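These notes concern the structure reproduced below.
Just so it is clear, none of the values below were taken in a lab; they were calculated from the coordinates. Since the structure is predicted, the reported quantities are computational estimates derived from the model, not experimental observations. Because the Cβ atoms are built from the backbone with ideal geometry, glycine has one as well, and the counts that use them run over all protein chains shown.
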Amino acid sequence: MTTVVQFWLSHRRELAALLSQHVALVTISTLAAVAIAVPLGIFAAKRPRLAAPLTGIANVVQTIPSLAMFGFLLPVPLVGGVGARAALAVLILYGLLPIVRTTIAGLRGIDPAIREAGIAMGMTERQLLRQVELPLALPSIVAGVRVAAVVGVGSATIAAAIGAGGLGEYIYRGLSMVDTTVILAGAIPAALLALLVDAALLWLERALSPRRRGQRRHLAAAVMTTIAAVVVLTSGVGARRSTGSIVIGSKNFTEQVVLGELLAQTIERVGLPVDRRLNLGGTLICDRALMTGDIDAYVEYTGTALTAVFHQPVGKSPTAVYDTVRDLYARSGRTLLPPLGFNNTFAILVRGRDARTLNLRTIDDAVPQARRWRAGFGYEFLERPDGFPGLARTYGLRFADAPHVMDLTLSYRALASGQVDLIAGDATAGLIKGLDLFQLEDNREYFPPYDAAIVARSNTLLKRPEVRAALETLAGRISAADMRAMNYAADVEHRDVRQIVRDFLGKPAM
Amino acid sequence: MAAIEFRDVSFARSPRQRVLDRFSLVVETGDVVALVGRSGAGKSTILKLVNKLLLPDSGRIAVEGQDDWEPIALRRRVGYVLQDVGLFPHMTVAGNVGVVLRLERWEEARAARRIAEVLELVGLQPSEFAARWPDELSGGQRQRVGVARALAVDPPVLLMDEPFGSLDPVTRAELHGEFRRIQSRVGKTVIIVTHDMGEAFALADRIGVIDEGRLVAYDAPATIASSTDPRVRRLLDAMPALDVRRGAKAMAEDDGAGRLRAEGASASLAEARAKE
């Protein structure tokens with residue numbers, strides 16, 4: 001716990017920014033959900049035939065896991081893509097159901113005698129709604145808003161997967177660094193925020209109940225005004241994105257975050273504003289974001305680009321692969337800059353202890369043992385043609401049972417703790433050293449080259465030659481040892497990524 | 001001109017459920033008419049047809065000689081008191097009483113004066129009750145607020161649907177007295193619906209007996225009390241003698257006309273019973 005507190009203290013400005021992003025995401029999405037769901041609920045409450053299918057649809061939407069929802073929305077125009085807009089769209093969808101449901105319930109729950117009294121008194125339908133039905137249904141509606149907001153606080157953590165920021169960024173960063181402290185640094189404030197929102201709205205719900213005294217209702221009105229003011233202020237914060245800033249993306253593992261930060265600081269050093277969209281879901285999300293212009297640049301690996309992005313057969317020669325990929329990118333309006341200097345190929349990893357006792361050096365050495373082993377692979381590795389299927393064919397590799405699908409970054413821990421016996425990691429992973437893991441040699445040269453190189457939107461580079469100039473200074477500058485050292489500093493020593501990159505760039509250029 | 005007139009009105013809740021069948025009724029201005037019948041006889045339907053909460057399948061209903069009222073305008077000229085009162089729980093007593101005044105866009109000071117006035121009229125001290133919430137009132141007080149709300153814009157016609165049905169006998173008798181006192185001051189045209197013949201005797205100038213959607217008797221209380229029609233007799237016999245005496249006593253404390261009326265009714269009733 002003390003380490004979490006230390007983390008907060010040393011990251012307090014970032015924490016404040018992420019917290020305010022989180023609050024903005026939840027407040028804006030909840031208010032938008034209210035604006036949509038309450039009229040919808042009113043409409044449906046008077047039309048019983050509509051209410052059932054409507055709540056049915058809302059129920060189905062609710063059961064879609066939020067990560068899947070982000071996936072569905074990626075290719076949708078206007079609301080899709082990465083960033084706060086897409087996150088808001090998903091959060092709003094989730095907020096609709098509870099509010100629609102409680103609006104309907106609140107309106108249906110009104111004593112018919114009260115409604116009849118209003119009509120008999122000569123109220124028009126509008127007057128009845130505004131003066132009688134809505135005020136009486138309000139506590140029930142607020143109860144729905146409470147559920148929506150609390151669920152929203154939780155769902156918003158997942159928004160970090162598509163670069164919308166918020167406290168989820170710590171959770172993802174912590175997961176990718178296998179660092180409980182960082183996970184807690186995001187999870188604790190998120191949980192506290194959820195409790196706070198719950199308590200505040202519960203209080204509001206009670207204060208608005210018709211059997212309360214007038215003053216409390218005034219107080220409730222004051223609270224609502226305050227909330228509105230907070231929204232106006234925080235939405236300013238959330239919406240602020242300096243025009244003309246360069247958007248840097250990264251995938252969601254440590255090395256990518258480090259590289260993204262490296263690109264960002266390199267550009268900032270020549271005096272240009274940068275918008276960081278680090279920790280995006282994976283290769284395909286980054287690629288799509290680059291295509292749509294949601295990001296301007298990120299670091300890709302040549303082998304990954306060849307197979308996962310362009311669906312080309314696996315190549316073996318590093319220069320041939322680089323040239324092919326550069327041409328393919330150029331055809332779709334993107335520019336591949338010269339390689340950064342290291343090759344992050346897949347590393348087939350076993351425990352160092354096993355390697356020593358069983359005297360394993362190459363993948364071939366491990367094949368006979370593997371029949372008694374369990375393997376754990378990231379989803380991407382399992383699916384990609386240059387991943388497990390080809391590996392199994394080339395080496396005749398078989399395991400005791402089907403490989404477990406697990407988060408790439410968690411698989412290092414799973415291996416070290418004996419839950420699995422073989423994983424496919426990154427050759428530059430700092431944890432290889434930190435957790436005493438051993439990389440088996442790819443003696444049949446199955447894995448293609450994975451030279452890291454910056455891929456950027458050609459448009460951006462043409463319009464901003466100074467960006468290209470800045471990024472090109474990184475060419476050939478990062479050795480595999482540099483990369484592993486930075487990963488080690490982040491993953492094992494838990495040092496701040498910004499500081500690691502600052503230290504690295506501080507070195508005089510070659 | 002009759003204040004309210006039903007001519008050949010038929011109404012069915014569904015094709016199979018006919019509630020009123022060629023129903024006709026004339027209520028003179030300033031009269032208090034009690035419609036008595038068993039539950040489900042169609043009494044409440046008649047009230048809802050008057051202020052267009054329901055529309056007839058056929059026939060003509062005129063209020064103050066006019067049968068083509070715009071529903072909203074009509075309802076603001078017709079006070080309505082429900083058995084369940086239907087006070088708005090999110091408004092204070094003053095807020096409830098002033099509902100129609102606000103709908104009619106009365107100026108605030110004038111509305112406040114009027115609210116105090118009607119609260120006093122129904123026997124609630126404005127300084128004590130205006131700021132209270134409905135859940136801080138007894139059943140009788142709530143019903144008084146309901147009456148005050150219906151009377152606020154001084155409508156010429158008042159409809160009361162089982163207004164005292166859910167009150168205990170003592171409170172009910174007390175409110176009967178109050179009702180007569182108020183009516184003697186405001187002189188509205190009133191239709192009260194009740195299943196209790198005793199209540200009808202205590203309050204009405206004329207009593208209409210409804211049976212299976214038809215008006216089977218419509219006359220002064222004394223005449224009704226001596227009716228030999230079995231459909232009327234059933235209702236008379238269901239009335240506890242105690243109720244009549246208490247009603248008569250309450251009236252005796254109130255005004256002479258009431259006492260005479262009640263005594264007349266009890267006398268005719270006693271006579272009618274003696275004949276059996």
Could you list which residues have their amide H under 5 Å from that of A:Thr362, counting only those 5 or more apart in sequence or on another chain, with H placed in the peptide plane? A:Glu441
Residue (of B:Leu235, A:Ser250, B:Val186) at the positive-pole extreme of the protein assembly as shown, dipole from beta-carbon charges: A:Ser250
Of the trypsin sites (Lys or Arg not before Pro) in segment B:71-171, those whose Cβ has at most 14 other Cβ within 10 Å and which sit in DSSP loop: B:Arg105
What's the tally of Lys pairs in the protein assembly as shown whose alpha-carbon atoms lie under 29 angstrom apart, where the two lysines are 8 or more places apart or on different chains? 16
Relative intensity, log₁₀ I(q)/I(0), of segment A:141-209 from a Debye sum that treats every alpha carbon as a point, q = 0.28 Å⁻¹: -1.10
Most mobile listed residue (B:Phe23, B:Phe179, B:Phe88) in chain B, GNM with C-alpha springs under 10 Å: B:Phe88
Looking at segment B:88-155, I'd like the Rg to Rh ratio, where Rg is from alpha-carbon atoms and Rh is Kirkwood's inverse mean 1/r. 0.92
Segment B:179-234: Rg to Rh, with Rh as the Kirkwood radius over Cα pairs: 0.99
List the residues whose amide H sits under 5 Å from the amide H of A:Arg334, counting only those 5 or more places along or on another chain, with H placed 1.01 Å from N in the peptide plane. A:Ser458
Exposure proxy ranking, count of Cβ atoms within 10 Å, fewest first, for B:Asp196, B:Asp135, A:Asp436: B:Asp135, A:Asp436, B:Asp196
In debye, nearest 20, what is the charge dipole magnitude of the protein assembly as shown about its Cα centre with +1 on Lys and Arg Cβ and -1 on Asp and Glu Cβ, if you could check? 300
Taking square-rooted eigenvalues a ≥ b ≥ c of the alpha carbon gyration tensor, is segment A:92-131 rounded, prolate or oblate, where a/c under 1.5 means rounded and, failing that, a/b exceeding b/c means prolate? oblate
List the extent of the Cα atoms of segment B:151-246 along each of their three principal axes, largest first, rounded to whole Å. 41, 28, 22
Taking the dipole of the protein assembly as shown about the Cα centre (Lys, Arg +1; Asp, Glu -1; charges at Cβ), the one of A:Thr357, B:Ala112, B:Thr45 that reaches farthest to the positive side is B:Ala112
Mean projected area (nm²) of the alpha-carbon convex hull when chain B is viewed from all directions: 14.6
Percent of alpha carbon pairs in segment A:431-510 separated by more than 21 Å? 50
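Can you run the Rg to Rh ratio on segment A:255-369? Use alpha carbon positions and the Kirkwood inverse-distance Rh.
1.07
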Averaged over residues of A:107-119, the number of beta carbons from other chains lying within 10 Å of each residue's Cβ is 4
Going by how many other beta carbons lie within 10 Å of each one, how would you line up A:Glu466, B:Glu117, fewest first? A:Glu466, B:Glu117
Starting at the first residue of segment B:201-208, write each ³J(HN,Hα) from the Karplus equation 6.51 cos²θ - 1.76 cosθ + 1.60 with θ = phi - 60°, in whole Hz, x for Gly and Pro. 4, 6, 10, 8, 7, 9, 10, x
Is segment B:61-114 best put as rounded, prolate or oblate by its Cα gyration tensor, with a ≥ b ≥ c the root eigenvalues, rounded for a/c under 1.5, and otherwise prolate when a/b is larger than b/c, oblate when not? oblate
With 20 Å bins from 0: P(r) over the protein assembly as shown, alpha-carbon pairs, percent: 14, 32, 20, 16, 15, 4, 0
By the gyration tensor of its Cα atoms, with a ≥ b ≥ c the square roots of the eigenvalues, what is the shape of segment A:346-440: rounded for a/c under 1.5, prolate for a/b over b/c, or oblate? rounded
For the protein assembly as shown, what is the mean residue ellipticity at 222 nm derived from helices alone (per DSSP H run of n ≥ 4: -39500 (n - 2.57); sum divided by total residues; nearest 500 deg cm²/dmol)? -17000 deg cm²/dmol
In chain A, which whole DSSP H runs stretch at least 27 Å along their own axis (Cα) and average 1.6 or higher on the Kyte-Doolittle scale? A:134-158, A:180-208
